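J.: Structure provided below as structure tokens; questions to follow.
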Amino acid sequence: MMTNNNIGCLIFTLLVMLRTRTTSIVAAGANEVMETDLIEFPLNLEYLEAEFFLWGALGYGLDKVAPNLTMGGPPPLGVRKAKLSPFIRDIVAQFAFQEVGHLRAIKEVVPGFPRPLLDLSASSFAKVMDHAFGRPLTPPFDPYANDLTFLLASYLIPYVGLTGYVGTSPKLNNTSSKKLVAGLLAVESAQDAVIRALLYQRALVRVAPYRITVAEFSTRMSELRNKLGKAGMKDEGLIVPLAMGAEGMISGNVIVGNETSTAYERTPEEILRIVYGGGDEHVPGGFFPNGGDGKIAKSLLS
């Protein structure tokens with residue numbers, strides 16, 4: 001027969017168990033929302049990559065290729081078809097359709113958001129290059145002028161996205177989310193490796209009319225991203241000091257890696273500081289005149 005004390009202890013135990021269970025459910029719900037936000041955030045860069053590569057290779061973008069994926073977002077500013085050789089055009093077109101696939105893949109998992117306003121004009125890229133060199137380049141850098149300038153402009157894009165996926169991966173709990181991010185990371189990394197390999201082949205070529213080598217361009221762009229990101233060394237050029245190369249044994253740096261040759265990671269805040277161009281995730285600009293979209297980017301706008 002239960003005493004009053006036993007009944008009281010049982011009720012107390014049940015209440016504690018109920019409270020713990022409720023807290024766990026609430027926490028799980030919060031993680032799910034955060035996970036959705038983390039997966040949705042990369043759409044900002046995927047839109048940018050899709051439009052830049054589609055227009056560069058084909059002379060048209062998502063509004064023609066997959067208008068439903070834009071969700072009614074505004075068309076990009078200033079983007080145009082680049083003057084590319086058949087070989088480079090073929091590679092860029094492959095990248096372009098891969099990015100369309102990425103948009104589809106992400107939107108199969110999360111609701112997504114409309115394409116944000118993107119500034120992909122030559123002047124937008126010129127500002128980045130001027131910032132990287134600390135002086136105006138004359139004439140202004142034009143990413144659409146030829147193979148080499150387009151590849152240099154492309155150097156700016158997939159790598160930032162892949163470091164974001166590396167940073168996102170350990171924060172995910174859902175198996176399908178992890179699988180999606182792993183798949184996206186694999187292809188973004190491959191794109192970056194192709195771009196870097198093509199540029200490494202031309203590392204000592206001087207970019208006309210600036211008389212600056214491809215290697216120097218890569219170093220300056222990487223240094224700028226490190227500076228804007230404000231989180232230390234997470235970016236490296238095509239040729240590095242021996243001590244920074246793989247195992248401190250080689251200066252060639254086709255694929256970026258840390259001291260153990262594993263990938264660097266970035267947070268959404270770091271990424272926005274870079275793509276906004278001003279080192280402040282609260283102040284839109286650069287490639288995103290009105291800022292990024294999604295809960296994370298919107299919550300950071302001033």
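Coordinate-derived values only; no laboratory data. Predicted model, so just to flag it, every value in this text is computed and none were measured. All Cβ positions, glycine included, derive from the backbone under ideal geometry; neighbour counts span all protein chains shown.
J.: Considering only the other residues whose Cβ falls under 9 Å of the Cβ of N253, what net charge follows from Lys and Arg at +1 and Asp and Glu at -1?
T.: Values: positive: R196; negative: E236.
Counting the neighbours of N253, the net charge comes to 0.
J.: Can you list the lysines whose alpha carbon sits under 29 Å from that of K83, skipping same-chain ones fewer than 8 residues off?
T.: Filter leaves K64, K127.
J.: Across the chain, where is the longest run that never hits GluC sites (Glu not before Pro) in a DSSP loop with at most 15 other C-beta atoms within 10 Å?
T.: Numbers: sites that count: E108, E259.
My reading of the result: 109-258 is the longest stretch.
J.: Taking 0.36 nm per intervening residue step and subtracting the Cα-Cα distance, what contour gain separates S302 from S176 on full extension?
T.: Working: separation 126, 0.36 × 126 = 45.36 nm, distance 3.33 nm.
Separation in residues times 0.36 nm, less the Cα-Cα distance, equals 42.0 nm.
J.: Here is a further query. What distance in nm lies between label points placed 7 Å from Cα along the C-beta direction at T262 and K83?
T.: The two pseudo-label positions are separated by 4.6 nm.
J.: Cut-off under 16 Å on the C-alpha distance; same-chain residues fewer than 8 positions from K81 excluded. Which aspartates and glutamates are left, in chain and number order?
T.: K81 reaches E49, E51, D63, D90, D119, D142, D147.
J.: Can you give the local net charge around F287? Use residues other than it whose beta-carbon is closer than 12 angstrom to its beta-carbon, Lys and Arg +1, Asp and Glu -1.
T.: Numbers: positive: K127; negative: E49, E51, D119.
Overall, the nearby charge balance is -2.
J.: In a Debye calculation with equal point scatterers on the alpha-carbon sites of the chain and no solvent, what is log10 I(q)/I(0) at q = 0.11, 0.12, 0.16 Å⁻¹?
T.: -0.66, -0.77, -1.36
J.: Sticking with this one: Could you work out [θ]222 nm for the chain from helices alone, using -39500 (n - 2.57) per DSSP H run of at least four and dividing by all its residues? Round to the nearest 500 deg cm²/dmol.
T.: Values: 12 runs with 171 residues, N = 302.
Calculated at 222 nm, the ellipticity per residue is -18500 deg cm²/dmol.
J.: Using a ≥ b ≥ c from the Cα gyration tensor of the stretch 235-302 (square roots of the eigenvalues), is it rounded, prolate or oblate, where a/c under 1.5 gives rounded and otherwise the larger of a/b and b/c decides, a/b for prolate? Don't skip to the answer; put the middle values down first.
T.: Values: a/c = 4.15, a/b = 2.78, b/c = 1.49.
Cα axes put the stretch 235-302 in the prolate bin.
J.: Scale the Cα Rg of the stretch 143-193 by the rule-of-thumb value 2.2 N^0.38 Å and send over the ratio, two decimals. List each step's numbers first, then the result.
T.: Values: Rg = 13.7 Å, N = 51, 2.2 N^0.38 = 9.8 Å.
For the stretch 143-193, the normalised Cα radius of gyration comes out at 1.40.
J.: At 10 °C and 1.306 mPa s, what whole-number value in µm²/s does Stokes-Einstein give for the translational diffusion of the stretch 31-136, with Rh from the Kirkwood sum over Cα pairs?
T.: Values: Rh = 14.7 Å.
So the translational diffusion coefficient is about 108 µm²/s.
J.: Straight distance only, please: which lysines reach the Cα of K107 with their own Cα at less than 17 Å, same-chain residues fewer than 8 apart left out?
T.: K178, K179, K295
J.: Here's something else I'd like to know. Under a Cβ-only charge scheme (Lys and Arg +1, Asp and Glu -1), can you give me the dipole magnitude of the chain about the Cα centre, in debye to the nearest 20? Before the final figure, lay out the partial values.
T.: Numbers: 28 positive and 29 negative charges, 38 e Å.
So the magnitude is around 180 debye.
J.: Could you tell me whether the stretch 150-302 comes out rounded, prolate or oblate from its Cα gyration tensor? Rule is a ≥ b ≥ c as square roots of the eigenvalues, rounded for a/c under 1.5, then prolate if a/b exceeds b/c, otherwise oblate. Please report the intermediate quantities before stating the final value.
T.: Working: a/c = 1.92, a/b = 1.33, b/c = 1.44.
Because a/c hits 1.5 or more and a/b fails to exceed b/c, the stretch 150-302 counts as oblate.
J.: Amide H to amide H, which residues 5 or more places from V207 or on other chains are under 5 Å from it, using H placed in the peptide plane?
T.: Excluding prolines and chain starts, which carry no amide H, the hits are I212, T213, V214.
J.: Now a separate question. Any idea how far the Cα center of the stretch 229-249 sits from the one of the stretch 173-187, in Å?
T.: Taking the Cα centre of the stretch 173-187 as reference, the centre of the stretch 229-249 is 27 Å away.
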